[in-house]
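Colleague: Can you keep this structure in mind? I'll have questions shortly.
Every number in this text was worked out from the coordinates using simple rules, so none of it is lab data. Bear in mind that the values here come from a model prediction, so they are computed numbers and not experimental data. Neighbour counts are summed over all protein chains in view; Cβ atoms, including those assigned to glycine, are modelled from backbone coordinates with ideal geometry.
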């Protein structure tokens, strides 16, 4: 046994140097060269190594000068080191806090060398710069950071998603962009961004957060009973969906039946306010139509109780309760609407159109219908 160990040890001592001498590697031209051979500092690979070393030693000015000179000399040649040179030059500019200029080099790598390993690294750099801009960093102009760069940050995060769809980079860019809109209180864009994120990454670890914030973004878009309440209708469905998927979290943050009831009350208040505006405009037919829809869509609200009193006071028959509510359903046969043609002739029985949000009434409230009822 001792003899065997001695033989093995001797063999190892004899062969180890020979193995080290026979170790080979591939050079930039694809040729096998001994691993112990030194790289010529003036060669293309040597220049890249020197630039990387200077960046690692926090000497970006020297790396920038070295790479600038190399790129100018080899601009007319399509060398494999060009992508690396552009990436490292961008890194040098970024280290010198000139991130906007660095974007030009990263963009060249992304557009001209999409099949290289540097492609993903350049995307990572653009993502980081975009996050810096969205987190408050201003763009440098004449040496001073005075210009807002949030639009550039948004564009960078959108580009990352387009250039690497389905990747971890795209997932991070999507959730960070949605979170930025949410922080900035741009709730319409936040709701859309979370929708896109959930559609593109249905199994993401951020799915619960995205669903929660999508609900609150839709609720936050509602400004009061005199404004559009379409977001509240969607929010009710989203609350039910979230509570079904994450019941424990929904209970902790109050996303339950109580919230749905409050949303129902707010939607009913908006319809009641619209009906009151019709009364002020001398259009009882449109007001009756709106109140009827209120009773059928929101029967268990305070606004519906006030609506029933109005129906009793005016001797209007109460509409039948719906067994299945649909948003697009209308009962024009029971409550005919009126309008006038170009000659002022009264027309009865045409489908009533709700006031458009793009029209501006003469007083605060819902928008005025396109044509008033003649006196």
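Colleague: If I stretch the segment between residue 26 and residue 234 completely, what's the gain in nm (0.36 nm per residue apart, minus their alpha carbon distance), one decimal?
Modeller: Numbers: separation 208, 0.36 × 208 = 74.88 nm, distance 6.00 nm.
Going from the current span to full extension adds 68.9 nm.
Colleague: So, one more: Below 8 Å, C-alpha to C-alpha, sequence gap of six or more: please give me the relative contact order for the stretch 69-138 in percent. Numbers along the way, then the final one.
Modeller: Details: 46 pairs, mean separation 17.2, N = 70.
Relative contact order here is 25 percent.
Colleague: Still on this model: What is the calculated FRET efficiency for residue 280 to residue 101, with r their C-beta to C-beta distance and R₀ = 51 Å, to the nearest 0.05? Intermediate values should be presented prior to the final figure.
Modeller: Values: r = 60 Å, r/R0 = 1.18.
For R0 = 51 Å, the calculated efficiency reads 0.25.
Colleague: Between residue 142 and residue 71, what is the spin-label point distance in nm, taking each point 7 Å from the Cα along the Cα→C-beta axis?
Modeller: Calculated label separation equals 2.7 nm.
Colleague: Moving to a separate point now. Between residue 262 and residue 120, how high is the FRET efficiency from 1/(1 + (r/R0)^6) when r is the Cβ-Cβ distance and R₀ = 45 Å? Nearest 0.05. Let's see the in-between values first.
Modeller: On the way: r = 47 Å, r/R0 = 1.04.
Calculated value: 0.45.
Colleague: Using 7 Å Cα-to-Cβ label points, what is the residue 308/residue 200 separation (nm, one decimal)?
Modeller: It works out to 5.0 nm between the two label points.
Colleague: Also, I was wondering about something else. Rg (Å, one decimal) plus Dmax (Å, integer) for the alpha carbons of the stretch 222-321?
Modeller: Expressed in Å, the Cα Rg and Dmax of the stretch 222-321 come to 15.5, 50.
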